[in-house]
1. Take every Cα-Cα distance within region 328-410, group them into 5 Å bins from 0 onward, and report for each bin the whole-number percent of pairs it holds.
2. Alpha carbon centre of region 263-335 versus region 158-235: separation in Å?
3. So what are the radius of gyration and Dmax for the Cα set of the chain, in Å?
4. Taking 30 Å as the cut-off for C-alpha to C-alpha distance, list the pairs among 13/266; 92/230; 358/446 that go past it.
5. Taking a 22 Å limit on the Cα-Cα distance, which of the listed pairs 427/461; 172/330; 353/424; 424/461; 360/401; 330/461 fall beyond it?
6. Could you calculate the FRET efficiency of residue 393 with residue 347 from 1/(1 + (r/R0)^6), where r is the beta carbon distance between them and R0 is 22 Å, rounded to 0.05?
Amino acid sequence: MIHERVISKEVLKAILSRIDEAIHVVDLDGTTIYYNEVAARHDGLTVDEVVGKPVLRVFPSLNEDSSTLLKVLQTKKAIYNVAQSYTNVHGKKIETMNTTLPIFVSGQLVGAMEIAKDYSSMKRLSEQLVDLQGKLLSKKKSSKHTSAVSYSLDDVLTKNAELMNLKKEAVKLATSHSPILVFGESGTGKELFVQGIHYASNRSQSPFIAQNCAAIPETLLESILFGTTKGSYTGAVDRPGLFELAHGGTLFLDELHAMPVDLQAKLLRVLEDGIIRRVGGTKDLLVDVRVITAMNVHPKLALQNKTLREDLFYRLNVLTFELIPLRRRKEDILYLTDVFIKSFNEKLNKQVKGAEEKVKSLFLSYSWPGNVRELKHAVEYMMNVCEGDRLTYDDLPLLLKEVAPVQEKEMGKSSICQTSLREKVEKYEETLIAEALLETSGNIKKAARLLGIPRQTLQYKMQKYHLTNAE
Ligand SMILES: Nc1ncnc2c1ncn2[C@@H]1O[C@H](COP(=O)(O)OP(=O)(O)OP(=O)(O)O)[C@@H](O)[C@H]1O
Ligand SMILES: [Mg+2]
């Protein structure tokens, strides 16, 4: 028992000394009983200078009210995610996100613990980015090129009927003022699509500003989006947020489900009345911003696990676009392979004409979890290592080579068995149909003629293999 306790104490010590967060624990009297190296680095002190001493003696600038540790001892209530900004004894500016918790043993308060995450560098970088965006925009305004967008909906290349319809719908709805939600697996082209919508809208000459909502502490994201007012917290300055910078244009909020739910409530308010208020400010500002959001999870799932607020979802649900994964638009696999080969031919000064059959059939049966991005990278890799005028099986990236034998084995394990033969024939048939459709730009009549089968048969087979008409 004692042995176990010693081990768990040592394990705990090892864990605490290696994590990224600063940890500070005090007993009931406000005397420090644990203080890790990270905390010491933040404060510019040594562990020995703090441990065993009353908090207020080590940090004379604090008092009973301003010290969160002492406050928690008084109230017995946790304080979550409070931003703190201070200059340590070495004159270094530190920005932390603190959570302070009371510690109870058998229902009795025995002390308090503070966990602080340093986000100074993240904050500095984010602020620099906002400042830069602002400078860039004002420079572009004077040079008459206001938009930073580089893609249009024409750049969303597809032979898939469903995606073609989505593009048409996007063009129609681009001019609407309503917010939009685009969702789809990673790499399905959400960012491309969103930029395309902005470009097709009457805001194309106004700013397009993108912000990823993931992995940014709530208070920082809030001040990035809404701006800050001098004095709203120690060290705060007057700074416009992205809503102000995007005035007249589009604000793209990526990975919306990673935005803290409280902030989602604030976003909903802006979507409803178009009014923002800088953090710590008192003035209401009316902004004209079209908000487009994106997520790489299905909204249903995000609602289920409560990472997306229902009320916000219903506001966004007016215009939603689901970008289907590459494995469900097989005709795009070979089409985009060709597109990427051509583009890398130019970049790498090569004359590759296409991919060999074995590669094509592997591409068609692979599940592409990383979607178009993964396909693009695979082609890029193969184009770099390819020596002849065709991409061969040997050129495949290792990961794809690893899945290939599995697929071959599955097909070959019972090669005398009828189902396996049927599977093989079907795979071959699917490849031939996809190629014929590609060659005839999706013209079913011409493709059927090329394959020597009736048009109805081709249509039936296209349905069977999820190959849609690309006319
Ligand atoms: N239909 C398409 N035509 C041409 N290129 C595409 C298409 N879809 C995606 N791409 C390319 O694939 C890559 C990934 O696209 P994008 O960044 O838009 O994906 P995403 O859905 O935003 O992914 P994530 O969820 O990981 O952010 C980019 O290089 C993009 O240009
Ligand atoms: Mg993206």
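Each reported figure results from applying straightforward, stated rules to the coordinates on display, with no laboratory input. On a predicted model such as this, the values are computed, not experimentally measured, just so you know. Positions of Cβ are generated from backbone atoms using ideal geometry, with glycine treated the same way; all protein chains shown enter the neighbour counts.
1. 3, 15, 30, 26, 17, 7, 1, 0
2. After rounding, the separation between the Cα centres reads 8 Å.
3. Expressed in Å, the Cα Rg and Dmax of the chain come to 28.9, 90.
4. Numbers: 13/266 40 Å; 92/230 20 Å; 358/446 25 Å.
Those over the limit are 13/266.
5. On the way: 427/461 12 Å; 172/330 26 Å; 353/424 26 Å; 424/461 15 Å; 360/401 13 Å; 330/461 13 Å.
Flagged as over cut-off: 172/330; 353/424.
6. Working: r = 23 Å, r/R0 = 1.05.
That gives a FRET efficiency of 0.40.
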